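Just below is one structure, and these are the notes that go with it.
The values are calculated or read from the model by the stated rules, or taken from the named source; none is laboratory data. Predicted model only: the values in this text are computed from it and were never measured. Please note: Cβ atoms are built from the backbone with ideal geometry, for glycine as well, and neighbour counts cover all protein chains shown.
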Ligand code: APR
């Protein structure tokens with residue numbers, strides 16, 4: 001039997017997730033959105049690309065969650081995107097309500113699903129989804145590190161004029177300005193990047209990575225990135241569906257790893273048929289650990305605001 005993936009939010013990120021899932025024939029897709037007609041229309045449009053592209057999955061749209069029943073994966077993209085000048089954190093309260101509602105509805109119909117969160121501020125929204133669903137940590141996964149790493153790899157490849165596929169990198173921490181690209185573990189075909197570029201060039205690439213989302217918001221003016229974010233979310237979904245066991249940087253709830261408890265931050269995890277099958281604890285240099293702690297503190301601050309405002 002075919003797998004089933006629900007994508008909540010049929011906007012830019014959600015629709016592109018649906019298109020990519022269909023293109024890879026990973027699963028049947030149900031798009032859900034509050035705007036009447038949009039998920040139905042986009043679903044039908046994506047379905048009608050099938051004869052041309054050569055895929056056979058079913059894609060439908062809905063304004064309620066009944067058709068999402070028994071999904072294997074639910075990708076939550078519903079929410080407001082950033083506008084120029086906004087930080088991801090500025091979206092906190094507005095997107096809290098949306099993610100809370102989406103999680104409640106989704107898990108009611110799909111109690112065994114894996115949740116992949118995309119809505120920002122990402123790490124705090126993962127926490128909301130976990131609190132609402134009460135799912136174990138292997139079933140709530142945030143999409144951030146795959147995207148941040150993809151941006152970092154892209155910039156390095158452009159700088160060195162090499163294939164992006166030759167670059168292996170790890171970005172830890174929250175999906176915000178405090179993210180921590182681990183330069184020491186960045187390699188180009190196995191060669192440490194520190195042997196190929198001077199420190200000031202590497203620092204510039206790290207800086208551009210940290211501001212990678214804002215760079216695109218500035219260009220688009222009316223919203224935030226969606227091609228790379230949807231590609232990243234679908235890579236995670238594919239690793240679950242195909243049990244690929246890819247090791248990817250994702251937002252995961254820490255249970256003592258890296259000295260943190262009960263918060264979501266980006267760390268390397270193994271993703272397979274069991275969702276997060278392993279959280280890797282990499283030994284960090286004191287400076288790297290300090291940066292990760294700072295990033296985790298920024299996530300904790302948002303969670304504290306949510307706790308205070310919602311009385312949780
Ligand atoms: N339930 C379902 N869908 C909702 C809800 C809700 N409660 N509230 C809003 N939506 C829908 C909107 O109607 C819209 O179609 O979510 C969609 C969001 O789409 P866009 O505005 O195009 O935003 P997008 O670029 O897709 O970003 C969505 O992902 O990357 C993050 O920061 C980004 O938080 C943002 C999210």
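A few comments on the model shown:
- Some residue of the stretch 6-14 being within 11 Å of the ligand (Cβ to nearest atom), surrounded by fewer than 24 Cβ atoms within 10 Å (Cβ to Cβ), in contact (Cβ under 8 Å) with a residue 12 or more places away in the chain and within 22 Å of residue 135 (Cβ to Cβ): no
Here is a yes/no grid of residues against (1) surrounded by 14 or more Cβ atoms within 10 Å (Cβ to Cβ); (2) farther than 19 Å from residue 306 by Cα; (3) under 19 Å from the mean Cα position of the chain (by Cα):
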{"residue": "37", "(1), (2), (3)": "no, yes, no"}
{"residue": "41", "(1), (2), (3)": "yes, yes, no"}
{"residue": "52", "(1), (2), (3)": "no, yes, no"}
{"residue": "55", "(1), (2), (3)": "yes, yes, no"}
{"residue": "68", "(1), (2), (3)": "yes, yes, no"}
{"residue": "71", "(1), (2), (3)": "yes, yes, yes"}
{"residue": "99", "(1), (2), (3)": "yes, no, yes"}
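- Among the candidates 37, 23, 54, the residue that is within 14 Å of the ligand (Cβ to nearest atom), at pLDDT 95 or above and farther than 17 Å from residue 101 by Cα is uniquely 37.
- Under the condition of being within 16 Å of the ligand (Cβ to nearest atom) and either over 16 Å from the mean Cα position of the chain (by Cα) or surrounded by 24 or more Cβ atoms within 10 Å (Cβ to Cβ) (or both), the residues counted in the stretch 233-265 number 7.
- Hits in the stretch 182-207 (condition: in a helix (DSSP H, G or I) and either within 16 Å of the ligand (Cβ to nearest atom) or surrounded by fewer than 18 Cβ atoms within 10 Å (Cβ to Cβ) (or both)): 184, 185, 194, 195, 199, 200, 201, 203, 204, 207
- When residues of the stretch 76-121 are limited to those that are touching a strand residue (DSSP E or B) at 6+ places or on another chain (Cβ under 8 Å), under 16 Å from residue 264 (Cβ atoms) and part of a helix (DSSP H, G or I), the one farthest from the ligand (Cβ to nearest atom): 103
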